[in-house]
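These notes concern the structure reproduced below.
The values are calculated or read from the model by the stated rules, or taken from the named source; none is laboratory data. In this text, all values refer to a predicted model and were calculated from it rather than measured experimentally. All accessible areas refer to the heavy atoms of the entire protein, side chains included, with ligands and DNA or RNA removed. Shrake-Rupley method; radii C 1.70, N 1.55, O 1.52, S 1.80 Å.
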Amino acid sequence: VQLQAYGGGLVQAGGSLRLSCAASKTSFTINTMAWYRQAPGKQRELVSSISSAGITNYAVSVKGRFTVSRDNAKNTMYLEMNSLKPEDTAGYYCYANIIGRVFWGQGTQVTVSS
């Protein structure tokens, strides 16, 4: 299974971006999907996750500003990011758990200018 993340870019503080993560076709159920991010010199951190049933979880730093969703028919996860801040600048990576195996996407860069 391959994960393709896209939608990153350069945006001014207060702006919005929508990230997408598409998984290649699989006959297996994709369980949890998630977005992680990693800024230069920092550890990778969980931004948000969503279960196959649609149960969501958010890091405190993004709660109220980011919204995660998924379309199971398309094997695609989305991250709507609003009120972006310079500290949201990072590479954003998608993650998927499929029958106990972990898969990572290649990442998409989000840069927020002040």
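Using all alpha carbons of the chain, what is the percent of pairwise distances in each 10 Å bin, ordered from the shortest bin to the longest?
15, 50, 28, 6, 0
Read phi for every residue in the stretch 39-53 and hand back ³J(HN,Hα) as whole Hz from Karplus 6.51 cos²θ - 1.76 cosθ + 1.60, θ = phi - 60°, with x for Gly and Pro.
Coupling constants for the stretch 39-53: 8, x, x, 10, 7, 5, 10, 6, 9, 6, 9, 8, 7, 5, 8 Hz.
What accessible area per residue, rounded to a whole number of Å², is obtained for the stretch 56-114 using a probe radius of 1.4 Å?
50
Subtract the Cα-Cα distance of Gln106 and Thr56 from 0.36 nm times their separation in residues, and report this length gain in nm to one decimal.
15.8 nm
Compute the relative contact order of the chain as a whole-number percentage, counting only Cα pairs closer than 8 Å that sit 6 or more residues apart in sequence.
About 37 percent, as a whole number.
What is the distance in Å between the Cα centroid of the stretch 37-75 and that of the stretch 95-110?
12
Roughly speaking, to the nearest percent, how much of the stretch 1-45's 1.4 Å accessible area is carbon and sulfur?
46
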